[in-house]
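Undergrad: Please see the structure below; I have some questions.
The values are calculated or read from the model by the stated rules, or taken from the named source; none is laboratory data. Given the structure is predicted, the values throughout are model-derived calculations rather than measurements. Cβ sites come from the backbone with ideal geometry, for glycine too, and all protein chains shown count toward neighbours. Surface accessibility is based on the protein's heavy atoms, side chains included, excluding ligands, DNA and RNA. Shrake-Rupley method; radii C 1.70, N 1.55, O 1.52, S 1.80 Å.
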Amino acid sequence: MFSSSQEEHCAPSKDPVKYGELVVLGYNGSLPNGDRGRRKSRFALYRRTKANGVKPSTVHILNTPQASKAVNCKGQHSISYTLSRNHTVVVEYCHDKDTDMFQIGRSTESPIDFVVTDTVAGGQEGEETPITQSTISRFACRVVCERVPPFTARIYAAGFDSSKNIFLGEKAAKWKNPDGHMDGLTTNGVLVMHPKGGFTEESKPGVWREISVCGDVYTLRETRSAQTPGKLVEHESNILQDGSLVDLCGATLLWRTAEGLFHTPTQKHLEALRQEINAGRPQCPVGLNTLAFPSMQRSRALSSLEEKQPWVYLSCGHVHGYHNWGHRSEQDANAQRECPMCRMVGPYVPLWLGCEPAFYVDTGAPTHAFVPCGHVCSEKSVKYWAEIPLPHGTHAFHAACPFCATQLGLTKGFAKLIFQGPVD
């Protein structure tokens, strides 16, 4: 089912040109049950051996369903805008030798290069958790990259299906622009946010916008699937930049450029930081036993807790080993615990290292933890993500941990960790 034929088309050749990577928020370096074929937590876009991009060419205005069927059966890419039962505008697309196209969606059919399913917050339930009804479109969006420098990547709502068609039915939001070309929005929309100042410790959140089927930028609709589009934002574009976020209503993707990824920490660097913390032999201030962060492999899998696992009191940041006292709540043993060091009361959770390098805005030491999940990364990275409002459901926005998608605390999104060194 998860054939990797698409992967081969854009697999690195002897001298690969990498356009960038799309990384799904909510996963700590891989899917809970492992990456398989086109279904994985990150997808690298390489220049294809042969260009597969398309661009608009002929426009047909048709007055019978049979005529529109005849145009769609020609084997060319096309977008159909159904205005009424007897009025359809079909825009044919022809081959574009200057671009590569990559398609993202929930469908496992062959036109989809990167299969994305709904992200379950918390990341522990595993990818087989049944989603009652997915809100991610089967053919959600497409990214089109220019094959020559600077390899500009643009995003468009909707993807072409197995018949090379995009259908916008009667109920979809669609319209004719002043210049005469048709455009529209998908049911739940494709939202994009470009951070101000790129993806660095200095950058600030941008404004969430909606991208149309033809790549224009609009303000958000009143509700996610409203039939009336927002207002056209003329001075903004659909060009992805390092750190741009793409929301598919059920999963949010982070775009990292090849240049941006060059400055992120490597897995080797993160492992060296883990070993450095462990080499300092941090101790539980009460039990005086040595603590150690589990290996990156175990942290990725969120597997069973280890004996030396560090735990933290989130209200104060004091790091301990696990112990069984200080309960303040009968229902949830770890929801309200009193810190033996400073007597502050709050959640008590295990600490896990953030293993997905693409989510780090710098290469700093892992000194802070997200609240309430306990994922650990650099100070600048936690501060960055704590400020980013991510779409949640069909109309809410809230900050979340990029490693597990857990909603961050409203009053406190992260905590500085206080380790105690060895007493000897």
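Undergrad: If Lys and Arg each add +1 and Asp and Glu each add -1, what is the summed charge of the other residues whose beta carbon sits under 9 Å from the beta carbon of Val217?
TA: Residues close to Val217 contribute a combined charge of -3.
Undergrad: Solvent-accessible area per residue for the chain at a 1.4 Å probe radius, Å²?
TA: Details: 19350 Å² over 424 residues.
Roughly 46 Å² per residue, with all protein chains present.
Undergrad: Remind me, relative contact order of the chain in percent, using alpha carbon pairs under 8 angstrom and six or more residues apart? Show your work: numbers first, answer last.
TA: On the way: 1007 pairs, mean separation 60.1, N = 424.
Relative contact order for the chain comes out at 14 percent.
Undergrad: Give me the percent of accessible area attributable to carbon and sulfur for the chain, probe 1.4 angstrom. Spell out each step's value before the answer.
TA: Working: 10260 of 19350 Å².
C and S atoms contribute 53 percent here.
Undergrad: Ok, one more. Take every Cα pair under 8 Å in segment 267-416 that's 6+ residues apart, average their separations, divide by the length, and report that relative contact order as a whole percent.
TA: Details: 285 pairs, mean separation 25.8, N = 150.
This gives 17 percent for segment 267-416.
Undergrad: Holding the Cα-Cα limit at 20 Å, pick out from Lys196/Lys380; Lys383/Lys412; Lys50/Lys164; Lys18/Lys50; Lys40/Lys383 the pairs that are longer than that.
TA: Values: Lys196/Lys380 16 Å; Lys383/Lys412 11 Å; Lys50/Lys164 18 Å; Lys18/Lys50 15 Å; Lys40/Lys383 27 Å.
Violating the 20 Å limit, Cα to Cα: Lys40/Lys383.
Undergrad: Can you tell me, using C-alpha contacts under 8 Å and at least 6 residues apart, the relative contact order of segment 174-295 as a whole percent?
TA: On the way: 176 pairs, mean separation 21.5, N = 122.
The value is 18 percent.
Undergrad: Another question, then. Have a look at Leu31, Leu410, Leu22 and tell me which one the Gaussian network model of the chain (Cα, springs below 10 Å) gives the largest fluctuation.
TA: Ranking Leu31, Leu410, Leu22 by mean-square fluctuation puts Leu410 first.
Undergrad: What are the principal axis extents of the Cα atoms in the chain, in Å, biggest first?
TA: That gives 83, 49, 40 Å along the principal axes, largest extent first.
Undergrad: When the helix-only estimate is applied to the chain (DSSP H runs of n ≥ 4, each -39,500 (n - 2.57), divided by the residue count), what is the mean residue ellipticity at 222 nm, nearest 500 deg cm²/dmol? Intermediate results must be reported in sequence, preceding the final value.
TA: Numbers: 6 runs with 45 residues, N = 424.
For the chain, the value works out to -3000 deg cm²/dmol.
Undergrad: Okay, next question. In sequence order, what are the phi-derived ³J(HN,Hα) couplings for segment 387-401 according to the Karplus relation 6.51 cos²θ - 1.76 cosθ + 1.60 with θ = phi - 60°, rounded to whole Hz, with x for glycine and proline?
TA: So the Karplus estimates, Gly and Pro as x, are 9, 8, x, 9, x, 9, x, 9, 8, 9, 10, 7, 6, 9, 5 Hz.
Undergrad: Taking the convex hull of the alpha carbon atoms in segment 91-215, what volume per residue do you get, in Å³? Before the final figure, lay out the partial values.
TA: Values: hull volume 21.9 nm³, N = 125.
Normalising the Cα hull of segment 91-215 by residue number yields 175 Å³.
Undergrad: Identify all lysines with a Cα-Cα distance to Lys176 below 16 Å; exclude those on the same chain that are fewer than 8 residues away in sequence.
TA: Lys231
Undergrad: Compare Lys164, Lys97 by solvent-accessible area with a 1.4 Å probe and give them largest first, with all protein chains kept in place. Intermediate results must be reported in sequence, preceding the final value.
TA: Details: Lys164 85, Lys97 140 Å².
Accessible-area ranking of Lys164, Lys97, largest first: Lys97, Lys164.
Undergrad: Peptides 249-261, 47-59: what's the order by average Cβ count within 10 Å, highest mean first?
TA: Numbers: 249-261: 20.7, 47-59: 15.4.
Going by the mean number of other Cβ atoms within 10 Å, highest first, we get 249-261, 47-59.
Undergrad: Work out how far the C-alpha atoms of segment 267-416 reach from end to end along every principal axis, then list the three figures in whole Å, largest first.
TA: Answer, in whole Å and largest first: 43, 39, 25 Å.
Undergrad: Using mean Cβ contacts within 10 Å as the protection proxy, how do 102-109, 176-183 order, highest first? Working shown, then result.
TA: On the way: 102-109: 20.9, 176-183: 12.2.
Output ranking for 102-109, 176-183: 102-109, 176-183.
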